[in-house]
Amino acid sequence: MTEKTCLECSEKIVGRADKKFCSDYCRNSYNNKINKDSKNLIRNINNRLRKNYRILEIFNPESNTTVAKHRLIDKGFDFEYFTNIYTTKKGNVYRFVYDIGYLLLENDYYMIVKRER
Ligand SMILES: [Zn+2]
């Protein structure tokens, strides 16, 4: 018989071999922590996306506009965060944050576009 310890408090577990926690209390607090962590992760990513979206809106085109990369970075734009990628038949790759997209042009300029509804 192998000795198992509680995932939450590391106490020895007595009883069934598949038990992971010493008590309901430990199981609940362990699961609550996991949920909280994933909620924080989601909230943080949502905040990043929202910030990126606001920055794109600042440069937001009535028609397509171009903007220097450093101007986006100055505002705090984070190129790691976008919601989807659209590749045209010509092979241009647009990254979108919701309905606003950007395409890398030459010389570190980006073109910003808004998707038609
Ligand atoms: Zn425990």
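The values are calculated or read from the model by the stated rules, or taken from the named source; none is laboratory data. Bear in mind the structure is a predicted one, so any value in this text is a computation, not a measurement. Because the Cβ atoms are built from the backbone with ideal geometry, glycine has one as well, and the counts that use them run over all protein chains shown.
Between Tyr53, Tyr86, Tyr25, Tyr98, which is farther than 24 Å from Met111 by Cα and aromatic (Phe, Trp, Tyr)?
So the residue among Tyr53, Tyr86, Tyr25, Tyr98 that is farther than 24 Å from Met111 by Cα and aromatic (Phe, Trp, Tyr) is Tyr25.
Among all residue pairs at least 6 apart or on different chains, which show Cβ distances below 6 Å where the first residue, located in region 28-43, is under 11 Å from Glu8 (Cα atoms) and without any contact (Cβ under 8 Å) to a residue 40 or more places away in the chain and the second is among the aliphatic types (A, V, I, L, M) and outside any helix (DSSP H, G or I)?
Cβ pairs passing all conditions: Tyr30/Leu7.
Does region 28-35 include one or more residues that are of a type in the set (Phe, Trp, Tyr) and outside any helix (DSSP H, G or I)?
No.
Can you find a residue that is within 16 Å of the ligand (Cβ to nearest atom) and either surrounded by 15 or more Cβ atoms within 10 Å (Cβ to Cβ) or modelled with pLDDT under 95 (or both) anywhere in region 65-84?
Within region 65-84, not a single residue is within 16 Å of the ligand (Cβ to nearest atom) and either surrounded by 15 or more Cβ atoms within 10 Å (Cβ to Cβ) or modelled with pLDDT under 95 (or both).
Taking into account only those residues within region 1-42 that are charged (D, E, K, R) and touching a Lys or Arg at 6+ places or on another chain (Cβ under 8 Å), which is nearest to the ligand (Cβ to nearest atom)?
Among those residues, the one meeting the criterion is Glu8.
Within region 43-60, is even one residue surrounded by 13 or more Cβ atoms within 10 Å (Cβ to Cβ), away from the ligand (no atom under 16 Å from the Cβ), part of a loop (DSSP other than H, G, I, E, B) and at pLDDT below 95?
yes
Taking the condition in contact (Cβ under 8 Å) with a residue 40 or more places away in the chain and among the β-branched types (Val, Ile, Thr), does Val93 pass? Spell out how you get there, then give the answer.
Values: in contact (Cβ under 8 Å) with a residue 40 or more places away in the chain: no; among the β-branched types (Val, Ile, Thr): yes.
Spelling it out, it is not the case that Val93 is in contact (Cβ under 8 Å) with a residue 40 or more places away in the chain and among the β-branched types (Val, Ile, Thr).
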